[in-house]
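The values are calculated or read from the model by the stated rules, or taken from the named source; none is laboratory data. Predicted model, so just to flag it, every value in this text is computed and none were measured. Every residue, glycine among them, receives a Cβ derived from its backbone with ideal geometry; neighbour counts consider all protein chains shown. With ligands, DNA and RNA removed, areas are computed over all heavy atoms of the protein, side chains included. Shrake-Rupley method; radii C 1.70, N 1.55, O 1.52, S 1.80 Å.
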Amino acid sequence: MYIITEGGPKALDLNFTKEVKQRSGQEIELCFQCQKCASGCPIAEYGEIDTNQVLRMIQFGLKDELLKSKAIWVCVGCETCGARCPNGIRIAAVMDALREMAIEQGITPGEKDINLFHQCFLDSVKSHGRAHESTMLIRYKLKSGHLMEDVGVGLKMFLKGKLALFPHSVPSKTEVKRIFEWARKK
Amino acid sequence: MKLAYYPGCSLEATAKEYGSSVRSVCKALDVDLVEIPDWTCCGATSAHATNHRLAVGLPALTIKQMQAMDLDCVVPCSACFNRLKTAEYNMTNDAAVRQEMEKLLNFKYDGKPRVYDLLAYMVEKIGLPAITKKVQKPLKNLKIACYYGCLSVRPAEITGIDSTENPMQMDKLVKALGATPVNWSYKVECCGAGHSVAKSAMVTNLSGRILAKAREAGADLVVNSCPLCQTNLEMRRPPGEDMPVFFFTELMGLAFGISEAGNWLNKHLVDPSKVLSAIQAG
Ligand code: SF4
Ligand code: SF4
């Protein structure tokens, strides 16, 4: 079966549909496009695809369009959509699955800084066992190039003793490293 | 009463005032908090947004440590609570996940639910009568917008909340402290959460709207239970917005007449002094 897209006719990739269903554990075919999810989504205006459209596009197997989208990255995982979906679809879990697939397939994230932030945060947890805000933020700034953003408020936090200078390392660090290695193997 | 305690990373950094107020208030309520000795980060949004294994593996390690203590565990941070509770839920309801975690972390999961949101635990298990008994300075001049946000509330099957649209625990607590909770429609709206650094303009919009709605409802202040919400609501707000934001334990401390309360409030980025003088005048 084919679907007509802006770029011309495209074969439905139903393997993609199946994979998203399986990874997210959600019954995507139940979506009947009532748009309740999108109407309560706090970040609807920041992505290019509405939440209900994400579901429709999965049903149609539009893999590239979804995995390259901004929408999957700007989703904050607030679970508002799922709490209101009359069919009990947890769309936040669907979004998690889509992002994970995009990362695994090496697709350039539709929102570069958001993914970079996640990776810097997780690197910090991997090296110390706990998140260390100062080193994580410095790393993010160097890698993102947003060097001067938030310098004032960062200084204010520091003066209030809210940014620890040195990371706290936990004894179970080796177990944490092992969890990371296991989680990141294909 | 003895409880295991998971502070989470922010209570030792950006939300230090939450950490200190939790400890003082629990002490006042004769709750003995035993910190999980070797707790690790729950992985926060960054883990579940990018890797489903990490999202269970990291909290499962802490659940293993909790199990060794055999106590109910309270978690003040809504985000940590949500991650730990989700891992507990998945291990309990999905045999494949449980077995995978047992193998990875070399333990046998006993399936007992242990993870509790501190706010819910206070209201439901410690109970409002015990809390009311400790109140020395009722917060009677204050109108308060109780802000729950996302992660202590949704999804209901995991958090166990009574209502995802109109939860009432914090409202009841604030009332027990002598204040008046306002009716407003933004108590479970998202503040922008983990996008604070990478998409700050978006978060400023979302947080600003929450504060504006609280003001519209006639509130003097916003109270919440999440370090991430607190940071967003204080740091990511439109210029000129001066609505103060508190952790619920700070208000408990003030109502209990705990003298260190001043040290917590010094750490706020938004000056809470107007609110404090209203309390003193009361
Ligand atoms: S709320 Fe549920 S059924 Fe309605 S459009 Fe969204 S996903 Fe589909
Ligand atoms: S979980 Fe994502 S898609 Fe759903 S309402 Fe929240 S931001 Fe929107």
Chain B, Gaussian network, Cα under 10 Å: of B:G149, B:G111, B:G218, the residue fluctuating most is B:G111
Counting only residues 5 or more apart in sequence or on a different chain, those whose built amide H sits under 5 Å from that of B:S196 are none
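Please state the charge dipole magnitude for region B:45-130, taken about the Cα centre, from unit charges on C-beta atoms (+1 on K and R, -1 on D and E), reported in debye and rounded to the nearest 20.
Numbers: 10 positive and 9 negative charges, 36 e Å.
Using only the charged Cβ atoms, the result is roughly 180 debye.
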Once the dipole of chain B is set up from charges on Cβ (+1 Lys and Arg, -1 Asp and Glu), the residue from the list B:G192, B:V123, B:A219 lying farthest towards its positive end is B:A219
With B:T180 itself left out, Lys, Arg at +1 and Asp, Glu at -1 over residues whose Cβ is under 12 Å from its Cβ give +1
Going residue by residue through region B:266-280, the Karplus relation 6.51 cos²θ - 1.76 cosθ + 1.60 with θ = phi - 60° gives ³J(HN,Hα) values, rounded to whole Hz and with x marking Gly or Pro, of 4, 7, 5, 7, 10, 4, x, 5, 4, 5, 5, 5, 5, 5, 4
GNM on chain A, Cα springs under 10 Å; top mean-square fluctuation among A:P171, A:P109, A:P86 goes to A:P171
In whole Hz, the Karplus estimates of ³J(HN,Hα) for region B:177-189 (6.51, -1.76, 1.60; θ = phi - 60°; x where Gly or Pro) are 7, x, 8, 10, x, 8, 8, 8, 9, 10, 5, 10, 6
Measure of exposure for B:K85: accessible area at 1.4 Å probe, Å² rounded to 10, is 30
Largest-first ranking of B:M69, A:M136, A:M148 by accessible area, probe 1.4 Å, whole protein assembly kept, is A:M148, B:M69, A:M136
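Summarise the accessible area of chain B (1.4 Å probe, protein heavy atoms) by the percent that is carbon and sulfur. Don't skip to the answer; put the middle values down first.
Working: 4990 of 10040 Å².
Exposed carbon and sulfur together represent 50 percent of the surface.
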Whole-percent carbon and sulfur contribution to the accessible surface of chain A (1.4 Å, no ligands, DNA or RNA) stands at 57
GNM on chain B, Cα springs under 10 Å; top mean-square fluctuation among B:N82, B:N232, B:N263 goes to B:N263
Expressed as a whole number, the average count of other chain Cβ atoms within 10 Å around the Cβ atoms of B:33-43 is 4
iface B-A | buried accessible area, total | probe 1.4 Å | Å², round 100 | 5100
Applied in sequence order to region A:65-82, the curve 6.51 cos²θ - 1.76 cosθ + 1.60 (Karplus, θ = phi - 60°) yields integer Hz couplings, x standing for Gly and Pro, of 4, 7, 5, 8, 6, 6, 3, 5, 8, 6, 3, 8, x, 7, 6, 5, 4, x
The answer for chain A, accessible area per residue at 1.4 Å probe in Å², is 50
Using a 1.4 Å probe on heavy atoms of the protein chains only, the accessible area for B:K125 in Å², nearest 10, reads 110
Restricting to aspartates and glutamates and to Cα separations under 13 Å from A:K141, and discarding same-chain partners fewer than 8 apart, the set is A:D113, A:E133, A:E149, A:D150
Across B:65-77, the residue-averaged tally of Cβ atoms belonging to other chains within 10 Å stands at 0
Only helices counted: for the protein assembly as shown, with every DSSP H run of 4 or more residues adding -39500 (n - 2.57) and the sum spread over all residues, [θ] at 222 nm is -15000 deg cm²/dmol
Expected integer from the mean partner chain Cβ neighbour count at 10 Å over A:168-180 is 5
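Counting only DSSP beta bridges with both residues in the protein assembly as shown, what percent are antiparallel, rounded to the nearest 5?
Details: 4 of 21 bridges.
Percent antiparallel among DSSP bridges in the protein assembly as shown is about 20.
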